[in-house]
1. Give the stretch 87-97 a look and list any residue that's surrounded by 16 or more Cβ atoms within 10 Å (Cβ to Cβ) and either more than 11 Å from ASN12 (Cβ to Cβ) or of a type in the set (Ser, Thr, Tyr) (or both), or say none.
2. Every residue in the stretch 137-149 that is buried (at least 24 other Cβ atoms within 10 Å of the Cβ) and touching a Cys at 6+ places or on another chain (Cβ under 9 Å), please.
3. If you go through the stretch 222-230 one residue at a time, do you hit one that is more than 17 Å from MET140 (Cβ to Cβ), part of a loop (DSSP other than H, G, I, E, B) and aliphatic (A, V, I, L, M)?
4. May I ask you to list the residues in the stretch 131-160 that are closer than 23 Å to LYS82 by Cα and free of Cβ contacts under 8 Å to residues at least 24 places away in the same chain?
5. State which residue pairs qualify: first residue part of a loop (DSSP other than H, G, I, E, B) and inside the stretch 63-91, second residue surrounded by fewer than 24 Cβ atoms within 10 Å (Cβ to Cβ) and among the small types (Gly, Ala, Ser) in any location, beta carbons under 6 Å apart, and separation of 6 or more residues or different chains.
6. With (1) among the small types (Gly, Ala, Ser); (2) under 25 Å from THR22 (Cα atoms); (3) touching a Ser or Thr at 6+ places or on another chain (Cβ under 8 Å); (4) surrounded by fewer than 17 Cβ atoms within 10 Å (Cβ to Cβ) as the list, and GLY174 as the residue in question, which single condition is left unmet?
7. Could you please find all residues in the stretch 28-84 being crowded, with 24+ Cβ neighbours inside 10 Å and acidic (Asp, Glu)?
Amino acid sequence: MFDRYAASFYKNWIIAKRNFFTVFEVIFWPFISLMSIGLMTGFLSIEQDKISFILIGAVAFSIVQVCQIDIAYVMLFDMWSKSVKHTFIAPVSGKHLVIGSLLFGMLRSSMVFGILVLISFYAFGFNFLAAGVIPVLVFMAGLFLTSASVGILVCISILTFGQRAEVAAWTITGIMMFVCGIYYPVSVLPEGLQIIARAIPLTYFLEYMRSFFGSGETNLVIGFGLAVFYFVAGIFALDRAIIGARRSGIMLRLSE
């Protein structure tokens, strides 16, 4: 049973090892994003509590982006190489593909987190670990669950709509950045968008971590409740999408 999860993990590892440009996902883009935001806060002479608020959002966004793309690669790389049907010849289901790739995504995004924590401390004087080890681990767990749901949604979109849905791998996190308050509090959004934000787990995890740096409170139970619900529902929906792709012929059109 566990070999199926391990196979998915190993597949992502081989792809990452052979693809030089994955370095950009782990080092280059997170570095550029954090440095750009950090330097902007210095230029604008923003207060320290606001800097903490913004840097927490920047770090969280990079982690979610890196982790979710590893899950999305389950379909993206197969689609780009025209080998989707070959993946599903093997006796695997959606949970095997997702959990195996999630474990690899957790490994890569943990590396990103370590790099960004060091940059935040030495470049901008912000100690992310001042909140304590346990809160940081809780925060990371929430981000991983959120990433899993996003990656699953990308896979479902590809199996449902075909190649034109690959843009979802980058647009979904962009929408979350706008709605969930990555760089500003959710309270500044129109009321309708605030309701949407409260339906996305990332909002609660951001507020949780920021609460240790003087930026309000959050309901962590709701955040994890939503995250677990979306993850379980996503696994079920992915299996249904796989069946639907076989019946509709999309799986064959994405293969050679």
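The values are calculated or read from the model by the stated rules, or taken from the named source; none is laboratory data. What you see is a predicted model, and the numbers here were worked out from it, not measured in a lab. Heads up, the Cβs are rebuilt from the backbone with ideal geometry, glycines too, and the neighbour counts pull from every protein chain shown.
1. The answer is THR87, PHE88, VAL92, GLY94, LYS95, HIS96.
2. Scanning the stretch 137-149 gives LEU143, THR146, SER147, ALA148.
3. For the stretch 222-230, residues more than 17 Å from MET140 (Cβ to Cβ), part of a loop (DSSP other than H, G, I, E, B) and aliphatic (A, V, I, L, M): absent.
4. Hit for the stretch 131-160 is SER157, nothing else.
5. LYS82/SER255
6. So the condition that GLY174 fails would be (3).
7. Hit for the stretch 28-84 is ASP70, nothing else.
Every residue, every condition in (1) under 18 Å from TYR184 (Cα atoms); (2) touching a residue at least 12 places away in the same chain (Cβ under 8 Å); (3) in contact with a strand residue (DSSP E or B) (Cβ under 6 Å, 6 or more places away or on another chain); (4) not β-branched (Val, Ile, Thr), yes or no:
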position	(1), (2), (3), (4)
TYR5	no, yes, no, yes
ALA16	no, yes, no, yes
TRP29	no, yes, no, yes
SER36	yes, no, no, yes
ASP49	yes, yes, no, yes
LEU55	yes, yes, no, yes
PHE61	yes, yes, no, yes
